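Read through the structure below, which is laid out as structure tokens, and then see the notes.
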Amino acid sequence: MKESEKISRREFLRLSALGAGVAALAQLPFASYAGFDEEVRLTILHTNDWHSRLEPFPMDGSKFQGQGGAALRAKLIQQIRLEEKNVLLLDAGDIVQGTPYYNLFGGDPEIQLMNEMKYDACTIGNHDFDNGLDGLAGMVSKAQFPFLSANYNFTNTVLAGKILAYKVFVFDRVRIGVFGLGINPDELIGVRQFGDTKYEDAMEKARSTAALLKNQAHCDLVICLSHLGYKYNEKKYSDVHLAGESEDIDLIIGGHTHTFLDFPVSFSNKNDKLVTINQVGWAGLRLGRIDYHFFGRKNNILYKKSPMRI
């Protein structure tokens, strides 16, 4: 953390009293503000890589026995919504594939549960293509929330016009731009599953979409739902790479590599501004939470919270 971003112990304790479980704070300047008269608080909840794990892990002596399950996650989300006025619930892909629920029902139970939990948006993971474009289209048609992908072009497919590149959410005049990114299909998605979908370079689409959201849509916070993966030893796109090469992204909510981050982490972008990354493992074992407090044209306070165990 830079010296200018540190705060005194007294100020830390005062701010920590606003909410339990605060792990760290940083002052993050953003490019545009609406000039809010009062503080606006936004709670971002997120998941990734459900992999059709709808029930808790069985009590069989395994590492995660008794943990997880959609019912407990729904209860926790409901509790937070009762405590916070502005809540945005997001998912970073791979909703399906991993238990017989997907093999038997093709994603219907997963989408129904997300509808009941009132997800606001998700992106598309590689396993969400496993039943081909028709299978994915069936999931999209039942969802009461948008699937976002800025770098998959579905123009000549059954999904034409059904997938958004981004969506802007407004909470008390704070504008939040959210867009999605997917991996290169050559790595993990079969030709028959991907069909006539066109892959567009993730880094180029990330830059152009984030710039549009920040500069034309006048978003105060730009979020990327990424299914690229946290980081790799080999040379390929990742969330860490994206953060370092970006200019207008403020938060990356990741998936794909099943990375359990104990706390959100931050990296400097090309303009030496901080980009926060978080990922909460897989199978619905954790619920991510990050709180932003907007103070008009002053700095915003970001509360980095540890993921909540389910």
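Only the coordinates and a few stated rules stand behind these numbers; no lab work does. All figures in this text were calculated on a predicted structure; none of them were measured in a lab. Cβ coordinates were reconstructed from backbone atoms using ideal geometry, including for glycine residues, and neighbour counts include every protein chain displayed.
With R₀ set to 22 Å, the beta-carbon distance separating Tyr232 from Glu204 gives a calculated FRET efficiency near 0.70. Taking every DSSP bridge with both residues inside the chain, close to 60 percent are antiparallel. Here the 3J(HN,Hα) profile of the range 247-258, calculated from phi with Karplus coefficients 6.51, -1.76 and 1.60 at θ = phi - 60°, is 10, 10, 8, 9, 9, 10, 9, x, x, 5, 8, 6 Hz, Gly and Pro shown as x.
Please figure out what share of the DSSP beta bridges in the range 190-310 is antiparallel and state it in percent, rounded to the nearest 5.
Working: 11 of 18 bridges.
Just about 60 percent of them are antiparallel.
Here's the picture: charge each Lys and Arg Cβ at +1 and each Asp and Glu Cβ at -1 in the chain, and of Gly135, Thr259, Ile44 the one pushed furthest to the positive end of that dipole is Ile44. The antiparallel fraction among DSSP beta bridges confined to the range 110-231 stands at about 45%.
Counting neighbouring beta carbons within 10 Å and listing from fewest to most, the residues Trp50, Trp282 come out as Trp282, Trp50.
Nearest 20 debye, what's the magnitude of the dipole of the range 42-154 about its Cα centre given +1 on Lys and Arg Cβ and -1 on Asp and Glu Cβ? Write out the running numbers ahead of the final one.
Details: 8 positive and 14 negative charges, 67 e Å.
Charge dipole, the range 42-154, about its Cα centre: 320 debye, nearest 20.
Would you mind ranking Lys270, Lys235, Lys214 by Cβ crowding within 10 Å, fewest neighbours first? If you can, show how the numbers build up before the last one.
On the way: Lys270 13, Lys235 7, Lys214 22.
Ranked by crowding around the Cβ, least crowded first: Lys235, Lys270, Lys214.
Taken along the Cα-to-beta-carbon direction at a fixed 7 Å, the label points for Gln79 and Glu39 span 2.3 nm. Taking the Cα centre of the chain as origin and assigning +1 to Lys and Arg Cβ atoms and -1 to Asp and Glu Cβ atoms, the resulting dipole is close to 860 debye. Each label point was placed 7 Å from the Cα along the Cα-to-Cβ direction; for Glu55 and Lys167 their separation is 3.0 nm.
Packing order of peptides 190-197, 174-181, 223-230, highest average first: 223-230, 174-181, 190-197 (average count of other Cβ atoms within 10 Å over each peptide's residues).
Ordering Ile111, Ile95 from the fewest to the most neighbouring beta carbons within 10 Å gives Ile111, Ile95.
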